[in-house]
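The values are calculated or read from the model by the stated rules, or taken from the named source; none is laboratory data. Keep in mind that this is a model prediction, so the values were computed, not measured. Quick reminder, even Gly has a Cβ in these numbers, built from the backbone with ideal geometry, and neighbours come from all protein chains shown. Heavy atoms of the whole protein, side chains included, go into the accessibility calculation; ligands, DNA and RNA do not. Shrake-Rupley method; radii C 1.70, N 1.55, O 1.52, S 1.80 Å.
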Amino acid sequence: MLSRPLGDYLIALRAATPLVHCITNYVAMNSTANLLLATGASPAMLHAQEEVAEFTAISGALSINIGTLSSPWADAMVIAARTAQQNNIPWVLDPVAVGATTFRQRLCKTLLTYQPSVIRGNASEIQALNGLASLGRGVDATTSSQEATTAAIALAQQHRCVVAVTGETDVITDGTHHYRLKGGHPLMPRVTTLGCGLSALVASFVAANHEQPLEASLAALACFSIAGSRAGKQAQGPGSFQVALLDTLYQLTPDDLSTFAQLEAVHAV
Amino acid sequence: MLSRPLGDYLIALRAATPLVHCITNYVAMNSTANLLLATGASPAMLHAQEEVAEFTAISGALSINIGTLSSPWADAMVIAARTAQQNNIPWVLDPVAVGATTFRQRLCKTLLTYQPSVIRGNASEIQALNGLASLGRGVDATTSSQEATTAAIALAQQHRCVVAVTGETDVITDGTHHYRLKGGHPLMPRVTTLGCGLSALVASFVAANHEQPLEASLAALACFSIAGSRAGKQAQGPGSFQVALLDTLYQLTPDDLSTFAQLEAVHAV
Amino acid sequence: MLSRPLGDYLIALRAATPLVHCITNYVAMNSTANLLLATGASPAMLHAQEEVAEFTAISGALSINIGTLSSPWADAMVIAARTAQQNNIPWVLDPVAVGATTFRQRLCKTLLTYQPSVIRGNASEIQALNGLASLGRGVDATTSSQEATTAAIALAQQHRCVVAVTGETDVITDGTHHYRLKGGHPLMPRVTTLGCGLSALVASFVAANHEQPLEASLAALACFSIAGSRAGKQAQGPGSFQVALLDTLYQLTPDDLSTFAQLEAVHAV
């Protein structure tokens, strides 16, 4: 089903420790950096228009998350995305709450012209991005991943990229191949910015595995679902869950990834 | 003494999972989001002048904290507070370190004209806000909650709002009814931004209980004091305290709240 | 070897609980505040040009970290550094990723004219700051502390300040006296912004021990290396490490510091 065992992508990540340029929201910065360091990547957060192009150009991948957006940041995101495209550096778009305001919709339209390698969002964000009527009221998903599958495939085909819709069941597609991934834990939505961190982890895996963005994205999502499931078993609540998630990501082995990912190819969509 | 058991306010919060628009400081964003998610609300952080009005208008409540203030953020706070007032959306003001600089004093004066539903601060902030000589040297309280009671009542009467002064003993008043709340733990001041998070939790409770801002605020403060006291018993220091606080807020039941809040009405002030 | 036992500096810190004005990056703000509170200082984060001078002037020390730099922040850093110099308030410079972009190099050159009391960085940052060819590719160290010793001494002599190069082995010098400090734990680089927090902790110790910036810096670094080593023994990974580090810093006694610091004077450099 896959060209290589999923664990190979984790081996490649840890061998490369890719430098990942993250332009992300204020809420997610610290937790994103820690999720990447725990798994094996090397995050760097910077956003000034004076330096983003210079820095994106030396990075292994770029991750853009529009969470706590403002005009100067939007301008920097555009510069960074353009630089990534010009330099063949893979980049990931996380269109947080794109359905909520016109400011976000305008920016996402512009960013999509720079051809992201991967788009990761929840179901309502992916639907909003695809121009369907958004049911989203903000940062949380209000439609199921399955309902967003059609939107994901359309988006992947239109922009020739990987689209990952995460939720109770994740849906991942490059427009041709489609997968479903289960796992995770009910405590995950009770911890802030895990999805934002996952987008940057996808960027990390794609940085270390350029030629296979779909399977690299699957590997990133599988890390989260396996580690999340294990962390949930140790946790008393969202506080201890966060701690355990970083520990389990750090302890995760390539074999774990190849063996325990609850992945299935979807033949009929 | 109260119109309903305190636990009823937690039941209402968890049933509504209100969307709470938080414009807060950089230090507090992540921990505030996690405190709200653990207890049962749905936080969203955004601050761009291009979108705050649009977003405040669809939120259940607004929480403004002036911690890491700058001019563009101050402008956004004013837009959001005005939007909240115009749409009858409850909003909470947390006047961090208002005694420390004239920049903060000017902004707070403006914000007060948009009639906050609740003001939460430490004793020196409440005194400074009331125009009394500030003894505050920065972000920490340097006067006791009791000493600030007079200022709190004056402020509540002048602005027709609830004022909560938190510290070793909390003082809560709407200008007519006055309460004292005990509990918590000595480790709480050793963890950053718990007070900031509490302000947003007050906003969450008021969002779910519009008609009773005083008792809803009491319920939010009681969550913190009961969970803080329990977390303190499990903790070895401020690191494990933070983790335990999120877990205990998540585990807190309405019965806990009704039974264990160390609340007393104050008849003579 | 030292003028006083290292523990005396911790006693002084906890007696003074100095107010430390931190202008630091978004990633580090929360963890820095918690590291300072756990150890015994009182952090305050603010950065608006409208108020930094007013606030630096009432602080015990200033800590500037250029991590997530932008133009308005750069301007505020210059105002704050100038205010610190004019008021004889000690200040610490953390030149994050100074080798990576010209924007950072220009700012650091300006900041150095305001005479920092201490500069703390990793080996590649200290080399870049000293004008040597930078081997740094971003925020992580890619040369060893030992290789940066020459750069550190040159920098200390030129700017008449303390320079601390942290890594597996720390190197600390005031241009005349040179020390090496061992300890810590391999998990430390897997947790984000510990170095940023350490810079602010150095500022805290210097605030409480003005007259001895070299030994005060040593005390701050020794806190981290001893607490880090202890936390590592309790941790299952970077999540539990962070929690344990805050707890062990909180529990650390002056005797621990005097007894367990793996410090050696370096006679020939």
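Just name the residue that is nearest to A:Val162 (Cα to Cα) out of those in region A:94-115 that are more than 14 Å from every other protein chain (Cβ to nearest Cβ) and either crowded, with 24+ Cβ neighbours inside 10 Å or in contact with a strand residue (DSSP E or B) (Cβ under 7 Å, 6 or more places away or on another chain) (or both). The selected residue is A:Asp94. One residue is enough: does region A:196-204 have a residue meeting the conditions within 10 Å of another protein chain (Cβ to nearest Cβ), in a helix (DSSP H, G or I) and over 19 Å from A:Leu10 (Cα atoms)? No, that holds for no residue. Annotation: of all residues in region C:230-253 being open to solvent by 40 Å² or more (accessible area, probe 1.4 Å) and assigned to a helix (DSSP H, G or I), the one that is farthest from the other protein chains (Cβ to nearest Cβ) is C:Lys233.
Whether any residue in region A:165-176 is closer than 21 Å to A:Ser240 by Cα and β-branched (Val, Ile, Thr) is what I want to check. Looking through region A:165-176, none of the residues is closer than 21 Å to A:Ser240 by Cα and β-branched (Val, Ile, Thr).
Just wondering, is there one or more residues in region C:42-50 that are at pLDDT 95 or above and under 15 Å from the mean Cα position of the chain (by Cα)? There is at least one residue in region C:42-50 that is at pLDDT 95 or above and under 15 Å from the mean Cα position of the chain (by Cα).
Considering (1) over 30 Å from B:Gln251 (Cα atoms); (2) of a type outside the set (D, E, K, R); (3) surrounded by fewer than 24 Cβ atoms within 10 Å (Cβ to Cβ); (4) within 14 Å of chain C (Cβ to nearest Cβ), the lone condition that A:Ala207 does not fulfil carries the number (3). Before we move on, is A:Ile11 more than 9 Å from chain C (Cβ to nearest Cβ) and closer than 30 Å to A:Ala261 by Cα? Spelling it out, A:Ile11 is indeed more than 9 Å from chain C (Cβ to nearest Cβ) and closer than 30 Å to A:Ala261 by Cα. Considering every residue within region C:85-93, establish whether at least one is within 7 Å of another protein chain (Cβ to nearest Cβ), surrounded by fewer than 24 Cβ atoms within 10 Å (Cβ to Cβ) and touching a helix residue (DSSP H, G or I) at 6+ places or on another chain (Cβ under 8 Å). No, every residue in region C:85-93 fails to be within 7 Å of another protein chain (Cβ to nearest Cβ), surrounded by fewer than 24 Cβ atoms within 10 Å (Cβ to Cβ) and touching a helix residue (DSSP H, G or I) at 6+ places or on another chain (Cβ under 8 Å).
Given the criterion surrounded by fewer than 24 Cβ atoms within 10 Å (Cβ to Cβ) and out of contact with any Phe, Trp or Tyr (no Cβ under 7 Å at 6 or more places or on another chain), identify the matching residue among B:Ser258, B:Ser199. Matching residue, one of B:Ser258, B:Ser199: B:Ser258. Looking only at region B:127-141, decide whether some residue is surrounded by 24 or more Cβ atoms within 10 Å (Cβ to Cβ), at pLDDT 95 or above and not aliphatic (A, V, I, L, M). Within region B:127-141 (the criterion being surrounded by 24 or more Cβ atoms within 10 Å (Cβ to Cβ), at pLDDT 95 or above and not aliphatic (A, V, I, L, M)), the answer is no, since none of the residues qualifies.
With the requirement that a residue be polar (S, T, N, Q), more than 10 Å from chain B (Cβ to nearest Cβ) and open to solvent by 10 Å² or more (accessible area, probe 1.4 Å), what does region C:18-77 give you? Write out each step before concluding.
Step one: filter region C:18-77 for residues polar (S, T, N, Q), giving C:24-25, C:30-32, C:34, C:39, C:42, C:49, C:56, C:59, C:63, C:65, C:68, C:70-71.
Then drop every residue that is not more than 10 Å from chain B (Cβ to nearest Cβ), which leaves C:56, C:63, C:65, C:70-71.
The answer is C:Ser70, C:Ser71.
Of the residues in region C:162-172, none is within 14 Å of another protein chain (Cβ to nearest Cβ) and either in contact with a Ser or Thr (Cβ under 8 Å, 6 or more places away or on another chain) or modelled with pLDDT of 95 or more (or both). Of the residues making up region A:99-134, those that are under 25 Å from B:Ala57 (Cα atoms) and among the hydrophobic types (A, V, I, L, M, F, W, C) are A:Ala100, A:Phe103, A:Leu107, A:Cys108, A:Ala123, A:Ile126, A:Ala128, A:Leu129, A:Leu132, A:Ala133.
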